[in-house]
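Asks: Next up is a structure, given as structure tokens.
The values are calculated or read from the model by the stated rules, or taken from the named source; none is laboratory data. Please read these numbers as outputs of a predicted model, since none were measured by experiment. Cβ coordinates were reconstructed from backbone atoms using ideal geometry, including for glycine residues, and neighbour counts include every protein chain displayed.
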């Protein structure tokens, strides 16, 4: 039996389970299951996994992608918050070597990863010398942005991410300076990593069928980030503040909001960029501005 034929058999088992149990797929969890064997195999190939890789998967779902990852990587830590789907996946994958299924929510709020998941992932990386961390996932649309950014900010052991997400988010994360999609998410990502679109994903390959198109993104962490990781959260807050008035000049924003306090010479601190709009500045320019303003921020 070929890998593709095996996958098709697993997909039929899942569809039967969904019909028999009459399970109501929980849209709040972003549960749109990828049921295309070609795309599942392509996604694993795109990840370029070897026996040196420890993989973090967010959203086990029925475990179709999970099994493929576990057969290629050194170890897979797969996280699922839906108990019913986790039970189904465990029934299909129980006893698979190199795989640990974790029933948990990957996020604590929007700025912290689950300490349990982080501890398991880091412990797996300590198993032997030469291991490297990766993330491969079909992300829930509603929380894809905080997952990606929080992993980049707080889990440096993840060297690369291959994630499927809504095309609209992909457009934001790959947007150019000055475009309508350019904003804090793109800026934070650019300071820490490089990103590219690997392949588009149409709606008809999912069940239930979403109303939007998807995209697979490859994100590779920079060997040397362009900004201090420990200050990324504060930078993110600053960017969100100024981009709420993205069409105004920095002069109007910084003086109008008065968040620098009285007696601060904004013109002198900001320099020539003071006359430009936030959306016109590159990520390095915006991070340099933040560093210059930091002593005067509350």
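Asks: Would you check which residues across the stretch 91-103 are surrounded by fewer than 17 Cβ atoms within 10 Å (Cβ to Cβ) and modelled with pLDDT of 95 or more and list them?
Replies: If the condition is that a residue be surrounded by fewer than 17 Cβ atoms within 10 Å (Cβ to Cβ) and modelled with pLDDT of 95 or more, then 100, 103 are the ones that fit.
Asks: For a quick check of your reading: which helices (runs of 4 or more DSSP H) sit entirely within the stretch 167-281 and have at least 1 residues that are at pLDDT 95 or above and not assigned by TED's automatic domain parsing to the domain that holds residue 135? Full working, then the answer.
Replies: Working: elements: 167-173, 184-192, 232-243, 250-257, 266-270.
The qualifying helices (runs of 4 or more DSSP H) are 232-243.
Asks: So, one more: If residue 131 satisfies all but one of (1) in contact with a helix residue (DSSP H, G or I) (Cβ under 8 Å, 6 or more places away or on another chain); (2) modelled with pLDDT of 95 or more; (3) within 21 Å of residue 69 (Cβ to Cβ); (4) crowded, with 18+ Cβ neighbours inside 10 Å, what's the number of the condition it fails?
Replies: Checking residue 131 against (1) in contact with a helix residue (DSSP H, G or I) (Cβ under 8 Å, 6 or more places away or on another chain); (2) modelled with pLDDT of 95 or more; (3) within 21 Å of residue 69 (Cβ to Cβ); (4) crowded, with 18+ Cβ neighbours inside 10 Å, the one that fails is (4).
Asks: Of all the residues that make up the stretch 100-146, how many are over 14 Å from the mean Cα position of the chain (by Cα), in a helix (DSSP H, G or I) and either closer than 17 Å to residue 59 by Cα or not assigned by TED's automatic domain parsing to the domain that holds residue 166 (or both)?
Replies: Matching residues across the stretch 100-146 total 6.
Asks: Going residue by residue through the stretch 174-184, is there one that turns out to be surrounded by 20 or more Cβ atoms within 10 Å (Cβ to Cβ) and either over 14 Å from the mean Cα position of the chain (by Cα) or free of Cβ contacts under 8 Å to residues at least 24 places away in the same chain (or both)? Give the derivation first.
Replies: Taking the stretch 174-184 first, the residues surrounded by 20 or more Cβ atoms within 10 Å (Cβ to Cβ) are 182, 184.
Those left that are additionally either over 14 Å from the mean Cα position of the chain (by Cα) or free of Cβ contacts under 8 Å to residues at least 24 places away in the same chain (or both): 182, 184.
Yes, that holds for at least one residue.
Asks: Now for a separate question. Test of understanding: among 115, 146, which residue is at negative phi, free of Cβ contacts under 8 Å to residues at least 12 places away in the same chain, surrounded by fewer than 21 Cβ atoms within 10 Å (Cβ to Cβ) and touching a strand residue (DSSP E or B) at 6+ places or on another chain (Cβ under 8 Å)?
Replies: Details: 146 fails: free of Cβ contacts under 8 Å to residues at least 12 places away in the same chain.
Within the list 115, 146, the selection yields 115.
Asks: Looking at (1) at pLDDT 95 or above; (2) touching a strand residue (DSSP E or B) at 6+ places or on another chain (Cβ under 7 Å); (3) within 21 Å of residue 219 (Cβ to Cβ), can you tell me which one residue 50 breaks?
Replies: Of (1) at pLDDT 95 or above; (2) touching a strand residue (DSSP E or B) at 6+ places or on another chain (Cβ under 7 Å); (3) within 21 Å of residue 219 (Cβ to Cβ), only one is false for residue 50: (2).
Asks: Can you tell me which residue among 7, 56, 40 is in a strand (DSSP E or B) and either assigned by TED's automatic domain parsing to the domain that holds residue 165 or more than 28 Å from residue 197 (Cβ to Cβ) (or both)?
Replies: Details: 7 fails: in a strand (DSSP E or B); 40 fails: in a strand (DSSP E or B).
Just a single option satisfies the conditions, and that option is 56.
Asks: Which condition from (1) out of contact with any helix residue (DSSP H, G or I) (no Cβ under 7 Å at 6 or more places or on another chain); (2) surrounded by fewer than 21 Cβ atoms within 10 Å (Cβ to Cβ); (3) farther than 20 Å from residue 290 by Cβ is the one that residue 224 breaks?
Replies: (3)
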